[in-house]
Amino acid sequence: MTDLAAVVFDWRGTLVTTLSPHEWVRVALRRLGRDERPGAVWDAISAAAGDPNRLDAPGIDADRDVHRETYYAVFADADLDAELADALYAVESDPRCNPFAVDAAPVLRAIAHRGIRIGVLSDIHFDLRPAFAAAGLGDVVDAFVLSFEYGMQKPEEGFFRAALAALGTPPERTLMVGDRPGPDGGAVALGMPTLLLPPLTGVGDQRLSLAARLLDVPPTGTRGGGGHGPAASRS
């Protein structure tokens, strides 16, 4: 695919790890110095969230206020105290809880070095730019297209179009790289070639070289980069 001019990466599950529900609760409890069982807390949250899951409702990431109100409503219905609710939401909104995969920095830098434009398209309720800057990657991303800033989220066609407009490239020359068929696979309908990778299970997973190959970027060694959210909110 030598004619590709740009690549759009999903964030959680693709470039960075995602906390499991139990890990999410465990981190929040640890921050509070509590010894409660994460499983019991998560069971209460899961029951309150219902089916379909309110924490993963369509459009929840398209509005920062709606996201916060929805999470706190679920916490209230789960009968969680205010201190724990605040800790849980802080963890969900903390990019430091989503470490970059070890191959993210070298692969993104190699792509940028070849003159290929890079975008980050994420269903997220907070700004990712500081996380990329902290990881030393702030200078390699040409466009951040974040759902809460655009009032849209994947797989809405308009959201992918916003990414294309920000990069200034046509769909057929822009590779979409993600980890979820439903949201990220929506790029296919727009004519974007799409690579779906297995979701990250740990920072040591190295899958991004597949994207580099499609972009004709030479293989490169890995080195550490540096940002969790519950399974209900992979972006």
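The values are calculated or read from the model by the stated rules, or taken from the named source; none is laboratory data. On a predicted model such as this, the values are computed, not experimentally measured, just so you know. For neighbour counting, all protein chains shown are included, and Cβ atoms are generated from backbone atoms with ideal geometry for every residue, glycine included.
Considering only segment 27-42, state which residues are of a type outside the set (Val, Ile, Thr) and within 16 Å of residue 95 (Cα to Cα).
Answer for segment 27-42, where residues must be of a type outside the set (Val, Ile, Thr) and within 16 Å of residue 95 (Cα to Cα): 28, 31.
Filter segment 170-204 for residues that are over 20 Å from residue 115 (Cβ atoms), in a loop (DSSP other than H, G, I, E, B) and of a type outside the set (Asp, Glu) and give the result. Answer for segment 170-204, where residues must be over 20 Å from residue 115 (Cβ atoms), in a loop (DSSP other than H, G, I, E, B) and of a type outside the set (Asp, Glu): 180, 191, 197, 198, 199, 200, 201, 202, 203, 204. So how many residues does segment 66-114 have that are charged (D, E, K, R) and outside any helix (DSSP H, G or I)? So the answer is 5. For residue 121, the test of being not assigned by TED's automatic domain parsing to the domain that holds residue 69 and not in a helix (DSSP H, G or I) is passed.
For residue 101, state whether it is under 18 Å from the mean Cα position of the chain (by Cα) and crowded, with 16+ Cβ neighbours inside 10 Å.
Working: under 18 Å from the mean Cα position of the chain (by Cα): yes; crowded, with 16+ Cβ neighbours inside 10 Å: yes.
So residue 101 passes the test.
Scanning segment 177-211 for residues that are touching a Pro at 6+ places or on another chain (Cβ under 7 Å) and within 20 Å of residue 101 (Cα to Cα) yields 179, 196, 203, 207, 209. In this structure, residue 29 qualifies as among the aliphatic types (A, V, I, L, M) and either surrounded by fewer than 16 Cβ atoms within 10 Å (Cβ to Cβ) or part of a helix (DSSP H, G or I) (or both). Determine whether residue 58 is at pLDDT below 95 and either at negative phi or charged (D, E, K, R) (or both). Taking the combined requirement at face value, the residue satisfies it.
Taken over segment 176-207, the residue count meeting the criterion of being crowded, with 16+ Cβ neighbours inside 10 Å, under 13 Å from residue 104 (Cβ atoms) and over 15 Å from the mean Cα position of the chain (by Cα) is 1.
Does residue 144 count as among the aromatic types (Phe, Trp, Tyr) and either assigned to a strand (DSSP E or B) or surrounded by fewer than 16 Cβ atoms within 10 Å (Cβ to Cβ) (or both)? Steps first, answer last, please.
Details: among the aromatic types (Phe, Trp, Tyr): yes; either assigned to a strand (DSSP E or B) or surrounded by fewer than 16 Cβ atoms within 10 Å (Cβ to Cβ) (or both): yes.
So residue 144 fits the description; yes.
Please work out which residue is farthest from the chain's Cα centre (by Cα), limiting yourself to segment 150-168 and to residues that are part of a loop (DSSP other than H, G, I, E, B) and surrounded by fewer than 22 Cβ atoms within 10 Å (Cβ to Cβ). If we take residues in segment 150-168 being part of a loop (DSSP other than H, G, I, E, B) and surrounded by fewer than 22 Cβ atoms within 10 Å (Cβ to Cβ), then 168 is farthest from the chain's Cα centre (by Cα).
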